[in-house]
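Below is one structure, written out as structure tokens; comments come after it.
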Amino acid sequence: MSTARYWREIPHRYRLEASRCKQCGYIAYPHRLICPECQCREFVPITLKNTGTIETYTVIRVAPSQFVDQVPYAVAIVKLDDGVALTCQVADTDPSKLAIGKRVTLEFRRIQADGEAGVLAYGLKAVLQP
Amino acid sequence: MRDVAVIGLGMRKWGELWEQSLRTIFTEAAIDALDDAGVDRIDSMYIGCMSGGLFVGQEHLGSMLADYLGQRSLPATRVESACASGGLAVKSAYYEIASGASDVVLAAGVEKMTDVDGNASTYALATASDQEYEAYHGVTFPGLYAMIAHAHMKKYGTTKEQLAQVAVKNHANGSRNPLAQYPYKVDVKTVLESTLIADPLHILDCSPITDGAAAVLLASMDVAKKLAKGRPIVRIAGVGHSTDTIALHARKDLTFLEATQHAARKAYDMAKCGPGELDLVELHDCFTIAEICVIEALGLCERGQGGKAIDQKLTTADGKIPVNVSGGLKSKGHPVGATGVAQILEVAKHLRGEAGERQVKGARRGLTQNMGGTGGSSIVHILEVC
Ligand SMILES: [Zn+2]
């Protein structure tokens, strides 16, 4: 991954920065220029809470090149308590413990092996709440 | 707009074609389509290809493939909508003729996937997802469909055995298709005991990596009548094309394919028919769960009842509405850019009565559905015998 792309994506990857549509309340994560619900172009910046619920999940056993050293690993769609859904890995988890509806917290972790530019790719992963 | 007919069909055996290049497999299929129609000059051509760049390092396919087809000085356009690129080529050719701009247009699809290793092809296919917000986290295409499957199982009680039954049906169908990559039967036990790729999907729930091409020649009805030589004329009666969010996680219902429902409604309206008036359907079973979700979105069964419809044998070759009698992507193979074109070719063969051992008897109207990504784009065509 290029250094420029990595740098550009830091605000939402590290800090859960999002924006709320002024007109209808739709939360855009990452930022958008136009609301897909009401076409409004004005947003208020917000920071999402890092807790949510597993909507669905899988365990990846055949991975793309940059992830082959991590298999098997769990991936989930997590609906954050603010109502926004995102895709992320579920770390430190026995796959048999995964289930739809389980509560998770997002934590800051390394995501990918070092990129071509030598930049470590970090981001958020979910961990099951005790 | 003018009526448009499918006048030429070209496709050869799909599989791991190590001795052949992208340009060769395309040209063979295209020549067969021209010969089938009895035509040697075309006005224009469209080629569906998802990723010449990542699979063989070749872009600019319009120029190259027109040249190798011996067609110079004509517009040739490569179109891309991930795994729906083939359907998009057919749609583009359709509108070029319907508008009156051209009379005879080739719509072809091609993908040469086995020149790269498994990790590289997994990477290439994952580019059809949201690169920055899905693929970044290591989710693969089987992984995304696996998450749809878990959501469907939780919401509607769909079972792994019902998923496996989709593979069993499509392989049984494909065993009667000499062009299929894997023309053999499998049973439920074999599917469930095959290697897990992304839970709950096993390798036999997934369509394979395939080299292949398919081509159809479209023409105005005037040209079609001149060239028919007594054969039935197949008309494109309905076209629908729609989109949904590229990221699966952004959908309101993870189990429902809205773009497919929307595209199908447009095609049904245009063809003035409904899901109960189809004789066969070729749909995008890139994974077994996809077929279950697509039959719901096409209205072949109630929402949420796709798994039960499989149990009730609704969609078998001798069922109420045969689905994927060609073997589908599952058994026939899935050279991503070619798939949507091969679906049109299969339905046209049945409507002409030329489908051999797997012929759906008396078929008069059929539907094709070709989908990109996790359903972020979907293209539906309805074909009829005139
Ligand atoms: Zn809004």
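For the reader, a short list of remarks on this structure follows.
- Using just its DSSP H runs of length 4 or more, each adding -39500 (n - 2.57), the protein assembly as shown gives a mean residue ellipticity at 222 nm of -9000 deg cm²/dmol after division by all residues.
- Surface composition of the stretch B:14-143: carbon plus sulfur atoms contribute 46% of the solvent-accessible area (1.4 Å probe, protein chains only, all chains present).
- For chain B, built as a Gaussian network whose Cα springs stay under 10 Å, the top-fluctuating residue of B:His249, B:His350, B:His137: B:His137
- Fraction in percent of alpha-carbon pairs per bin - 20 Å, chain B: 32, 60, 7
- Cα long-axis angle, helix B:141-156 against chain B (0 to 90 degrees, to the nearest 10): 60 degrees
- When B:Met113, B:Met270, B:Met153 are compared by accessible area of protein heavy atoms, the largest-first order is B:Met270, B:Met153, B:Met113, using a 1.4 Å probe.
- Residues B:Tyr123, B:Tyr184, B:Tyr268, sorted by accessible area with the largest first, give B:Tyr184, B:Tyr123, B:Tyr268 [1.4 Å probe; ligands and nucleic acids excluded].
- Interface size, chains B and A: roughly 2800 Å² of accessible area buried, both sides included, 1.4 Å probe, rounded to the nearest 100.
- Förster radius 22 Å - calculated FRET efficiency between A:Arg15 and A:Arg110, Cβ distance, rounded to 0.05: 0.85
- Per residue, the stretch A:49-130 exposes an accessible area of 42 Å² to a 1.4 Å probe, with every protein chain left in place.
- In the stretch B:122-162, burial by the other protein chains removes 50 Å² or more of accessible area from B:Glu132, B:Tyr133, B:Tyr136, B:His137, B:Gly138, B:Met147, B:His150, compared with the chain on its own (1.4 Å probe, ligands and nucleic acids ignored).
- What the stretch B:310-386 shows is 26 Å² of accessible area per residue, with the surface traced by a 1.4 Å probe over protein heavy atoms.
- Here the accessible area is traced with a 1.4 Å probe on the protein chains. For the stretch A:49-130, carbon and sulfur cover 51 percent of it.
- Dividing the mean sequence gap of close Cα pairs (under 8 Å, 6+ apart) by how many residues chain B holds gives a relative contact order of 26 percent.
- Highest-MSF residue in chain B out of B:Glu59, B:Glu28, B:Glu357 [GNM, Cα springs under 10 Å]: B:Glu357
- Annotation note: trypsin sites (Lys or Arg not before Pro) in the stretch A:24-71 located in DSSP loop regions with a Cβ neighbour count of at most 13 within 10 Å are A:Arg41, A:Lys49.
- Rolling a 1.4 Å probe across all protein chains gives B:Leu54 an accessible area of roughly 80 Å².
- Secondary structure note: in the protein assembly as shown, about 85% of the DSSP beta bridges are antiparallel.
- Within the full protein context, the accessible area of A:Arg103 is estimated at about 90 Å² for a probe radius of 1.4 Å.
- At R0 = 22 Å, FRET efficiency that the Cβ-Cβ distance of B:Glu132 and A:Gln23 yields, to 0.05: 0.25
- In the stretch A:35-59, burial by the other protein chains removes 10 Å² or more of accessible area from A:Glu37, A:Glu55, A:Thr56, A:Tyr57, A:Thr58, A:Val59, compared with the chain on its own (1.4 Å probe, ligands and nucleic acids ignored).
- Of the trypsin sites (Lys or Arg not before Pro) in the stretch B:206-268, the ones in a loop by DSSP (not H, G, I, E or B) with at most 10 other beta carbons within 10 Å are B:Lys229, B:Lys252.
- Computed over protein heavy atoms with a 1.4 angstrom probe, the accessible surface ordering of B:Asp285, A:Asp92, largest first, is A:Asp92, B:Asp285.
- In terms of distances greater than 18 angstrom between alpha carbons, the cross-link table entries B:Lys332/B:Lys361; A:Lys102/A:Lys125; B:Lys169/B:Lys320 yield B:Lys332/B:Lys361.
- When you restrict to C-alpha pairs under 8 Å that are six or more residues apart and normalise by the size of the stretch B:175-265, the relative contact order lands at 15 percent.
- Measuring with a 1.4 angstrom probe and ignoring ligands and nucleic acids, B:Leu65 comes out at about 0 Å² accessible.
- Cα gyration tensor, chain A - rounded (a/c under 1.5), prolate or oblate: oblate
- Relative contact order (percent, whole number), the stretch A:31-120, Cα cutoff 8 Å, 6+ residue spacing: 28 percent
The values are calculated or read from the model by the stated rules, or taken from the named source; none is laboratory data. Everything numeric here is computed off the predicted structure, so don't read it as measured data. Backbone-built Cβ (ideal geometry, glycine too); neighbour counts: all protein chains shown. Accessible surface areas use protein heavy atoms only, side chains included; no ligands, DNA or RNA. Shrake-Rupley method; radii C 1.70, N 1.55, O 1.52, S 1.80 Å.
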